[in-house]
Amino acid sequence: MTGWPALAPLIERAGRPAVVEALRAWVEARRGGAEVADEAACARWCAARLAAFLKPSQRRVFNLTGTVLHTNLGRAVLAEEAIAAAVEAMRSPTTLEYDLDGGARGDRDDHIAPWLCRLTGAEAATAVNNNAAAVLLALSALAAGREVIVSRGELIEIGGAFRIPDIMARAGCRLVEVGTTNRTHLKDYAAAIGPDTAAIMKVHPSNYSIQGFTKSVTAAELVPLAREKGLALIEDLGSGTLADLETWGLPHEPTAREAVAAGVDVVTFSGDKLLGGPQAGLLVGRKHLIERIARNPMKRALRLDKVRLAALEATLRLYGDPARLAERLPTVRALARPAADIKAQVERLLPVVQKALGNVATVSVADVRGQIGSGALPVDLLPSFALALKAKGLDRIADLFRRLPIPVIGRIADGTLYFDLRTLDDEPAFTAQLDKLHVVAG
Ligand SMILES: *Cc1c(COP(=O)(O)O)cnc(C)c1O
């Protein structure tokens with residue numbers, strides 16, 4: 001290999017093992033062929049293979065799908081404050097589990113628990129890898145080997161493999177279903193309580209809604225029953241939020257503070273949904289129960305690392321000043337963005353995108369409905385504006401946008417490719433790459 005100087009720059013760039021792997025593949029591809037080994041051709045072949053190999057797999061994209069918190073596109077975009085805190089934690093040793101006052105061992109939850117208590121009114125708080133883990137841990141710590149009562153209308157699947165009955169089984173609990181799909185009454189819960197009952201669980205039906213002849217029992221209505229019977233009342237809020245969405249003209253979504261105030265013993269919610277922080281599962285509630293949860297050996301397996309804790313702490317800190325949230329937290333900024341502002345951006349970009357597409361597509365302004373995503377407010381759609389592309393080979397046009405240096409992801413519906421600009425914050429980077437669209441005029 002060293003006898004072939006054409007490979008030296010490749011070794012410099014990709015390292016020897018990768019070049020050896022590429023060479024082996026080259027030899028393999030030519031097996032049986034009569035071709036004479038040609039150094040330049042081999043180097044070109046290996047360079048192309050290594051370029052694909054070296055390209056990062058997880059890449060930045062423009063999420064113009066109209067779904068602000070898109071799970072497949074990584075949910076919340078973090079605030080600059082959270083990014084800076086995460087970078088600093090990545091670069092240096094930190095006080096992750098170290099108490100500077102006494103020079104003794106500290107607890108990693110101490111960085112976020114005081115903020116979570118302040119923001120929700122809870123007595124205690126802890127955090128784990130994600131909300132699915134929070135639910136699993138709460139059930140395992142508080143109800144393993146015993147029964148947990150859940151309404152049939154709340155036995156949901158969140159997507160992927162997160163189904164309440166399965167999580168319940170994995171946590172070692174026996175699920176006791178009460179009520180029917182559309183109607184559950186307080187007396188249904190009361191009748192299901194037995195000597196083995198450990199908890200009642202409420203689950204926010206994040207990604208669907210039952211309408212018509214329905215009845216469900218609120219967490220507040222369950223509090224007296226749970227107290228009287230000495231049961232833990234657990235509520236999985238899913239998205240949950242720490243701020244009132246009405247502040248920004250959005251419909252109400254249950255806040256963690258409301259659940260705590262209602263008397264729920266343990267409330268769980270996600271860090272990277274409406275909260276707008278890093279992936280995390282947050283648990284807030286009564287001190288003795290949160291302590292039991294935090295002491296459970298599974299907590300160790302599900303805990304957060306210093307980087308995400310740093311980002312989470314910085315994000316929670318922003319909630320200390322709700323008036324500036326829309327300015328500093330990208331999730332809230334996108335949700336609160338006025339439709340007129342989005343429309344102006346669509347009108348500004350229309351001629352630019354039309355020019356880049358030449359005559360292969362026609363672009364117009366469309367009045368669309370976006371969504372929050374990640375199971376928040378499934379039936380409430382966000383009024384927004386989009387660039388609407390119509391063309392013969394629409395899938396091919398969508399593909400061209402996905403092949404840009406920063407891939408652009410839209411949504412195809414009714415024979416139209418929509419780019420909802422609610423979430424387009426880096427307009428210069430979007431327009432700067434449009435000349436790289438490999439449009440072949442028809
Ligand atoms: C999203 C959601 C979950 C899972 O949360 P992750 O943070 O994705 O693990 C659990 N329960 C409900 C009700 C949800 O909406």
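The values are calculated or read from the model by the stated rules, or taken from the named source; none is laboratory data. This one's a predicted model, so the numbers in the text were calculated from it and none came from an experiment. In this analysis, Cβ positions are derived from the backbone assuming ideal geometry, glycine residues included, and neighbour counts consider all displayed protein chains. With ligands, DNA and RNA removed, areas are computed over all heavy atoms of the protein, side chains included. Shrake-Rupley method; radii C 1.70, N 1.55, O 1.52, S 1.80 Å.
General observations
- Each peptide in 233-244, 170-181, 114-125 receives the mean, over its residues, of other Cβ atoms within 10 Å, and ordering these scores from highest gives 233-244, 114-125, 170-181.
- Carbon + sulfur, % of accessible area of segment 365-442 - ligands and nucleic acids excluded, 1.4 Å: 53
- Estimated vicinal HN-Hα couplings, Hz - segment 167-184 in sequence order (Karplus 6.51, -1.76, 1.60; Gly, Pro = x): 4, 4, 5, 5, 7, x, 9, 9, 7, 10, 8, 10, x, 10, 4, 9, 9, 9
- Spatial separation of Cα centroids for segment 192-248 and segment 64-135, in angstrom: 25
- Accessible-area composition of segment 5-52, carbon plus sulfur, in percent [1.4 Å probe]: 57
- Among E221, E28, E291, the largest mean-square fluctuation in a Gaussian network model of the chain (Cα springs under 10 Å) belongs to E28.
- Computed helical MRE - 222 nm, the chain, DSSP H runs ≥ 4 contributing -39500 (n - 2.57), nearest 500: -11500 deg cm²/dmol
- Accessible area of segment 80-328 divided out per residue, in Å², using a probe of 1.4 angstrom: 44
- Take the Cβ atoms of F162 and A323, set R0 to 51 Å, and the FRET efficiency comes out at 0.90.
- When only the Cβ of Lys, Arg, Asp and Glu is charged (+1, +1, -1, -1), the dipole of segment 80-328 relative to its Cα centre reaches about 620 debye.
- Carbon and sulfur %, accessible surface of segment 61-100 computed with the full protein complex present, 1.4 Å: 56
- Alpha-carbon centroid distance for the pair segment 332-397 / segment 1-22, whole angstrom: 46
- Label-to-label distance, A301 versus R118, with points set 7 angstrom from Cα along the beta-carbon direction: 3.5 nm.
- This model, with +1 at the C-beta of Lys and Arg and -1 at the C-beta of Asp and Glu, gives the chain a dipole about its Cα centre of some 920 debye.
- Rolling a 1.4 angstrom probe over the protein heavy atoms with all chains in place gives segment 5-52 an accessible area of 65 Å² per residue.
- Stokes-Einstein D for the chain, Kirkwood Rh over Cα pairs, 4 °C, 1.567 mPa s (µm²/s): 52
- Each 10 Å bin from zero up to the one holding the largest Cα-Cα distance in segment 80-328 carries the following percent of pairs: 7, 32, 35, 19, 6, 1, 0.
- K343 contributes about 80 Å² of solvent-accessible surface, heavy atoms of the protein only, 1.4 Å probe.
- Members of K55/K436; K55/K390; K187/K229; K202/K306 lying beyond 24 Å, as alpha-carbon distances in this model show: K55/K390; K202/K306
- Potential extension, A8-A51 segment - 0.36 nm per residue separation minus Cα distance: 14.0 nm
- Annotation: extensible slack from A144 through R292 equals 52.0 nm (criterion: 0.36 nm per residue apart, minus Cα-Cα distance).
- T218-K392 FRET efficiency (beta carbon distance; Förster radius 51 Å; 0.05 resolution): 0.45
- Among A82, A232, A43: highest mean-square fluctuation, GNM of the chain, C-alpha pairs under 10 Å: A43
- With R₀ set to 35 Å, the beta-carbon distance separating E347 from R403 gives a calculated FRET efficiency near 0.85.
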